[in-house]
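Below is one structure; the comments refer to it alone.
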There are 2 protein chains.
Amino acid sequence: VRKTKVHMRLVENVLAGDRLALARLLSLIENQEAEGLEALADLYPRTGNAHMIGITGAPGTGKSTLVNQLVRRLRAATPDGEEASLKVGVVAVDPSSPFSGGAILGDRIRMRDLCGDPGVFVRSMASRGAPGGLASTTGGVAQALDAAGFDVILIETVGAGQAEVDIARTAHTTVVVTAPGMGDEVQAIKAGILEIADILVVNKADLPGTENAMRALQAMLEMGRPGKADLDGEKRDVGPAWCVPVLCTISTEGKGFDMLLDGILQHRQYLHDSGGWGERERERQRAALNALIRERLVERFLDSQPDGKFEEVLEKVVERTLSPWQAARELLQQENT
Amino acid sequence: VRKTKVHMRLVENVLAGDRLALARLLSLIENQEAEGLEALADLYPRTGNAHMIGITGAPGTGKSTLVNQLVRRLRAATPDGEEASLKVGVVAVDPSSPFSGGAILGDRIRMRDLCGDPGVFVRSMASRGAPGGLASTTGGVAQALDAAGFDVILIETVGAGQAEVDIARTAHTTVVVTAPGMGDEVQAIKAGILEIADILVVNKADLPGTENAMRALQAMLEMGRPGKADLDGEKRDVGPAWCVPVLCTISTEGKGFDMLLDGILQHRQYLHDSGGWGERERERQRAALNALIRERLVERFLDSQPDGKFEEVLEKVVERTLSPWQAARELLQQENT
């Protein structure tokens, strides 16, 4: 590993708690710049301590307010065996605006409440178009926060696309947020994030339909949850099974957060007791390694291509004189010669 | 290309209008089986005629009912210069249920209305875990329908994740569906699909808040839409600009569909006049080619690895004796030797 003075100083400053250095590092990671990746590699042995919590749900469920509220509660909590209050990092992933960088507004709204607290660090990611892909970049940012000494890292994602599922897979604990009146059972199946939930929350519980929503979720859980075990392709029969709680909150009034906090801490305990913590750690690393390898393979391929070759072959595909499969074969042969 | 009798007969039967053969082909494509991909390559010269329409929006917007209604209208329409009614294919992409195959229920609900019409073919995709990735598989299925002679292909996607945006990019016309009361402007920015919309629809227009929703969308469009041109990384200044219409529908009652149909047909005309049709075609092919190449690169890499090597290196990463970057380097060097 080539070490530059600049990135070593960055690492030192991040470890010393310098927030500006941390912000700079996260930008470098987001842009996949060599300096950032080298710093991240140096910080890597310091990682593995933070509790990563994924918070996901459709737009309109009040997820951001919930995260805001949760951060305050985590800051006030003193879990067993810990003296100081928890340091909390937030990574808000906005798979939105591919072109106009939708994270800026969210950032400002979010920061208003939490700024000034040195035990909190919030990062919004204008994720689309990130060179290394959403899941990979988010993983890097979370790792940097981990190394920087944040005890809990909340990873907030919007929606229920594949990217969100991938991100949830890398969290230790996944909280799925819904709201009353967001749709019937079929819609909930479509949202398809039930399977990845460790804790289900019906937010906006002051709205009508809250009890119905909770009952419906409970019924769906009982109906046919294949079990988180399937994530890894094999059954885990170590320790007692985790029973997914269905909770309700009113984020705007801070109601229901004692239960939510309790659920999160209990799930952490469960993961430690059952061996699930290590398994999820391995899953995260597996995904990260796979993503890295994919990236490098593509880079190497692109380097091997003569200028204009790709466009030339693409033209033939558009004209239908070559099928995409033949075109791929032709370009890949190029690499081998 | 190795040609087996089986896949050649499949191609013949699909071209002859055999629905069972088509269903079988789509399954083969979904599972990325060699037979299906060979058939698709043979069918490729027959593609390029269908109007691909992406229909996307969050759960709860009544998208499926809208698609259902739209299919009926398209079947009844006789656009200028066309004598027979349009043949319509539907690809419903459910990025949901990674583990339990959430498409089954949707399928049944959907088919109830449309079955019996030989000019309609509906395919629901239980997309997660598809070997070739969502966008790539959907592209293959749409191409097969195109070759099979369907004039219009509706591609319905849920949510606003990266996969959905990728799919929308491959459509000629993208219809974004919202509903009143699904959230305020910030939420709409988060949904982040405004930028990819060619037509905006507020569905469930019998609910209160419809006019507000339409006004908000209109305001956001005026505020700072970067222009679809940015999709390709360069400005298009050929022909007149497309002005995104904001329409409203009540799908359950079939209201508003004259305007929607009109908008869709006008957009098709616009694409033909402006050269946008060819540009989007090229974008689709570029994305498909990129996805194929990525896939093959990963396959080749995996073939090159000795058994157990990946797990061995992964273990070191989990133990923090190797960083993911060092691990990736080690595994990639393996390939070169």
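The values are calculated or read from the model by the stated rules, or taken from the named source; none is laboratory data. If you're wondering where the values come from, they're calculated on a predicted model, not measured in any experiment. For neighbour counting, all protein chains shown are included, and Cβ atoms are generated from backbone atoms with ideal geometry for every residue, glycine included. The accessibility values were calculated without ligands, DNA or RNA, using every heavy atom of the protein model including side chains. Shrake-Rupley method; radii C 1.70, N 1.55, O 1.52, S 1.80 Å.
Go through the range A:5-22 and give me each residue that's free of Cβ contacts under 8 Å to residues at least 40 places away in the same chain and surrounded by fewer than 20 Cβ atoms within 10 Å (Cβ to Cβ).
A:Lys5, A:Val6, A:Met8, A:Arg9, A:Glu12, A:Asn13, A:Ala16, A:Asp18, A:Leu20, A:Ala21
How many residues are within 14 Å of the chain's Cα centre (by Cα) and either open to solvent by 30 Å² or more (accessible area, probe 1.4 Å) or at pLDDT 75 or above (or both) when one looks only at the range B:171-200?
Here is the first cut: in the range B:171-200, the residues within 14 Å of the chain's Cα centre (by Cα) are B:171-176, B:193, B:196-197.
Okay, now just the ones that are also either open to solvent by 30 Å² or more (accessible area, probe 1.4 Å) or at pLDDT 75 or above (or both), so B:171-176, B:196-197.
The total comes to 8.
Suppose we filter B:Leu265, B:Leu292, B:Leu271 for residues that are more than 17 Å from B:Gly54 (Cα to Cα), out of contact with any Gly (no Cβ under 8 Å at 6 or more places or on another chain) and surrounded by 14 or more Cβ atoms within 10 Å (Cβ to Cβ); which single one remains? Explain how you work it out, then say what you get.
Details: B:Leu265 fails: more than 17 Å from B:Gly54 (Cα to Cα); B:Leu271 fails: more than 17 Å from B:Gly54 (Cα to Cα).
Criteria check complete, one pass: B:Leu292.
Here is a check on your reading of the model: is B:Glu283 modelled with pLDDT under 90 and more than 9 Å from chain A (Cβ to nearest Cβ)? If you could, list the steps in order and put the result at the bottom.
Working: modelled with pLDDT under 90: yes; more than 9 Å from chain A (Cβ to nearest Cβ): yes.
Yes; evaluated as a whole, the condition is true for this residue.
Rundown of residues vs (1) more than 9 Å from chain B (Cβ to nearest Cβ); (2) surrounded by fewer than 14 Cβ atoms within 10 Å (Cβ to Cβ); (3) at pLDDT 85 or above, yes/no style:
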residue	(1), (2), (3)
A:Gly276	yes, no, yes
A:Gly308	yes, yes, yes
A:Glu315	no, no, yes
A:Gln326	no, no, yes
A:Gln334	yes, no, no
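With the checklist (1) free of Cβ contacts under 8 Å to residues at least 40 places away in the same chain; (2) buried (at least 20 other Cβ atoms within 10 Å of the Cβ) in hand, flag the one item A:Cys248 doesn't pass.
Going through (1) free of Cβ contacts under 8 Å to residues at least 40 places away in the same chain; (2) buried (at least 20 other Cβ atoms within 10 Å of the Cβ) one by one, A:Cys248 breaks only (1).
Cβ contacts < 7 Å: first residue more than 7 Å from every other protein chain (Cβ to nearest Cβ), restricted to the range B:38-49; second residue assigned to a loop (DSSP other than H, G, I, E, B) and open to solvent by 10 Å² or more (accessible area, probe 1.4 Å), any location; separation 6+ or different chain. Result?
These pairs meet every condition: B:Glu38/B:Val1; B:Glu38/B:Lys3.
Is it the case that A:Thr137 is touching an Asp or Glu at 6+ places or on another chain (Cβ under 8 Å), open to solvent by less than 30 Å² (accessible area, probe 1.4 Å) and at pLDDT 70 or above? Walk me through it before giving the result.
Numbers: touching an Asp or Glu at 6+ places or on another chain (Cβ under 8 Å): yes; open to solvent by less than 30 Å² (accessible area, probe 1.4 Å): yes; at pLDDT 70 or above: yes.
Answer is yes for this residue.
Would you please list the contacts, defined by Cβ atoms under 6 Å and residues six or more apart or on different chains, that run from a residue in the range A:251-272 that is part of a helix (DSSP H, G or I) to a residue that is acidic (Asp, Glu) and at pLDDT below 95?
A:His267/A:Asp198
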